[in-house]
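The values are calculated or read from the model by the stated rules, or taken from the named source; none is laboratory data. Being a predicted model, the structure only gives us computed values, none of them experimental. Note that we place each Cβ from the backbone using ideal geometry, even for glycine, and neighbour counts take in every protein chain shown.
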Number of protein chains: 4
Amino acid sequence: MEAYRHRVQYYETDRMGITHHSNYIRWMEEARVDFLRRAGWPYERLEAEGIISPVTAISCRFKASTSFPDEILIDVSVSEFKGAILKLEYLMTDLCDKTVFEGHSEHCFLDKDGKLVRLTKACPELAGIFEALAKEAAAAGPRDA
Amino acid sequence: MEAYRHRVQYYETDRMGITHHSNYIRWMEEARVDFLRRAGWPYERLEAEGIISPVTAISCRFKASTSFPDEILIDVSVSEFKGAILKLEYLMTDLCDKTVFEGHSEHCFLDKDGKLVRLTKACPELAGIFEALAKEAAAAGPRDA
Amino acid sequence: MEAYRHRVQYYETDRMGITHHSNYIRWMEEARVDFLRRAGWPYERLEAEGIISPVTAISCRFKASTSFPDEILIDVSVSEFKGAILKLEYLMTDLCDKTVFEGHSEHCFLDKDGKLVRLTKACPELAGIFEALAKEAAAAGPRDA
Amino acid sequence: MEAYRHRVQYYETDRMGITHHSNYIRWMEEARVDFLRRAGWPYERLEAEGIISPVTAISCRFKASTSFPDEILIDVSVSEFKGAILKLEYLMTDLCDKTVFEGHSEHCFLDKDGKLVRLTKACPELAGIFEALAKEAAAAGPRDA
């Protein structure tokens with residue numbers, strides 16, 4: 001899938017002169033939302049079905065600093081999907097193809113009452129999409145970072 | 001009422017080396033929430049009554065820059081209350097009593113269906129508090145800024 | 001000039017279910033940066049010339065709420081330019097052309113030592129651009145909001 | 001050392017009704033800054049010595065949701081210090097002592113030219129403090145989470 005593109009905003013920098021690290025966590029969400037939209041299941045559709053998908057864990061490594069007004073390309077892939085748990089992988093590069101960030105996020109699925117649900121049961125169509133994307137990512141092999 | 005105190009965080013600075021101006025708008029909210037709590041009507045109580053109070057307008061002047069790790073004192077007062085509209089005034093000073101920011105916010109009140117309500121009708125007790133605070137602020141006269 | 005386009009991010013919403021008002025102040029900056037870039041003088045070029053341009057005042061009115069994943073069009077124009085002071089005007093509309101936000105920002109210009117400078121002297125080329133844009137906006141007349 | 005206390009702000013919530021996960025990363029920084037201050041070496045002193053300490057990696061787990069206006073206690077400890085690399089551990093609990101977040105951050109040290117430095121050489125006094133805090137944390141054993 002095509003990479004999501006984010007331009008670093010002035011308000012995202014800090015007094016070190018570089019992008020504040022917390023913003024990369026927000027860009028992970030921006031890219032994830034875009035990824036779902038391109039996959040045909042925008043997040044608002046999931047919400048409309050009464051399902052929310054909170055972040056349960058994050059791990060990441062800041063490989064190189066960025067700053068205003070850099071453009072960042074963000075590539076998202078499904079690293080694991082097991083019905084109740086979704087794991088995504090993020091690779092951020094600058095326009096010279098230098099890796100600036102690598103990250104992972106983990107998500108669960110909750111119904112309106114806040115109870116954990118298996119997506120395979122609660123929303124089989126989207127579960128199928130994640131399964132296909134996980135296979136595709138596995139077939140593509142480890143990304144060059 | 002005692003001033004609210006906010007310490008400028010590193011993540012609130014930008015690459016000019018100073019606090020990014022958008023954060024003062026957030027501190028206005030922090031101070032407003034604290035102001036309501038001290039007045040005996042925390043915002044979450046208003047929410048529990050089924051009323052929300054969105055910001056409808058803001059005006060402000062940035063008088064002097066601040067940065068990490070400055071401590072800022074924020075004084076809030078009711079400049080006008082007319083049943084359906086609340087206007088608040090904010091004065092931010094540093095620890096040397098230098099004015100760094102002056103601002104105003106305007107708020108309305110909405111019920112669960114998003115309809116405008118008069119607070120004097122929907123929540124007379126809080127309306128009474130605002131009326132008393134407006135009188136108190138008027139009696140104190142213009143603040144020294 | 002073409003309007004700047006911002007998609008409301010999930011992290012920009014609050015528990016009222018709508019965009020938190022402080023984010024509009026950040027979008028003003030996003031649109032302003034884009035405006036300067038299109039005008040041929042990206043902000044980073046101004047910084048490279050040793051000039052910074054802090055926000056000195058803001059006033060705005062929130063006309064209608066927005067939320068994730070709305071797309072917002074932001075139109076920027078120069079409402080006044082007097083050598084040492086720049087005033088910009090912002091009109092934000094949704095994709096149905098409904099006005100959601102109107103705002104103004106005021107800016108000064110500082111050199112490396114933090115001293116106020118007249119842009120007409122410190123950077124005549126950009127001053128000329130602002131003068132032309134101010135004339136253009138005046139000729140276009142008040143915007144339909 | 002005494003836990004750092006953060007009250008969840010309204011602007012830190014999202015339309016799920018809970019604290020947006022990116023804010024915990026910012027609270028890690030708030031608590032870290034407070035930790036350094038209490039240890040006798042405020043971060044601004046490190047900056048004044050010409051050393052900055054960027055975040056190089058983060059990993060965390062969101063254990064329970066929080067929202068406005070919860071108060072969160074944040075406990076910071078040094079999990080590893082090796083001269084050039086500092087690793088910190090964070091435990092966030094609510095006022096009922098329920099763990100809401102566990103995280104780790106990794107930091108390096110850079111001089112004015114952006115070159116990696118060993119803190120043991122560049123700032124032996126602070127290095128000594130980190131060594132003592134690392135020993136203290138090791139002696140205290142794993143924290144109850």
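A few comments on the model shown:
- Single residue of A:38, A:7 found to be in contact with a Pro (Cβ under 8 Å, 6 or more places away or on another chain) and either among the polar types (S, T, N, Q) or surrounded by fewer than 17 Cβ atoms within 10 Å (Cβ to Cβ) (or both): A:7
- Number of the exception - residue C:86 against (1) in contact with a Phe, Trp or Tyr (Cβ under 8 Å, 6 or more places away or on another chain); (2) within 17 Å of residue C:127 (Cβ to Cβ); (3) within 9 Å of chain B (Cβ to nearest Cβ): (3)
- Residue check, residue B:75 at pLDDT 95 or above and either on the phi > 0 side of the Ramachandran plot or within 12 Å of the chain's Cα centre (by Cα) (or both): yes
- Selection of segment B:60-83 for residues being within 9 Å of another protein chain (Cβ to nearest Cβ) and outside any loop (DSSP other than H, G, I, E, B) yields B:60, B:61, B:62.
- Condition check for residue D:68: of a type in the set (Phe, Trp, Tyr), closer than 21 Å to residue A:60 by Cα and touching a helix residue (DSSP H, G or I) at 6+ places or on another chain (Cβ under 7 Å): no
- Qualifying positions in segment D:71-83 - under 27 Å from residue A:57 (Cα atoms) and surrounded by fewer than 21 Cβ atoms within 10 Å (Cβ to Cβ): D:71, D:73, D:75, D:77, D:79, D:80, D:82
- Among the residues making up segment C:4-59, a single one is away from chain B (no Cβ under 13 Å) and on the phi > 0 side of the Ramachandran plot: C:40.
- Scanning segment B:1-16 for residues that are free of Cβ contacts under 8 Å to residues at least 60 places away in the same chain, part of a loop (DSSP other than H, G, I, E, B) and in contact with a strand residue (DSSP E or B) (Cβ under 7 Å, 6 or more places away or on another chain) yields B:14, B:15, B:16.
- Lone qualifier among A:110, A:116 - being surrounded by 15 or more Cβ atoms within 10 Å (Cβ to Cβ), modelled with pLDDT of 95 or more and over 30 Å from residue A:9 (Cβ atoms): A:110
- Scanning segment A:17-53 for residues that are over 15 Å from residue C:12 (Cβ atoms) and without any contact (Cβ under 8 Å) to a residue 12 or more places away in the chain returns A:20, A:36, A:37, A:42, A:45, A:47, A:48.
Yes or no, residue by residue, for (1) farther than 24 Å from residue A:30 by Cβ; (2) hydrophobic (A, V, I, L, M, F, W, C):
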residue	(1), (2)
D:23	no, no
D:27	no, yes
D:62	no, yes
D:100	yes, yes
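- Residues in segment D:33-65 that are closer than 19 Å to residue A:57 by Cβ and in contact with an Asp or Glu (Cβ under 8 Å, 6 or more places away or on another chain): 8 in all.
- Residues in segment B:97-145 that are small (Gly, Ala, Ser) and assigned to a helix (DSSP H, G or I): B:122, B:127, B:128, B:132, B:134, B:137, B:138, B:139, B:140.
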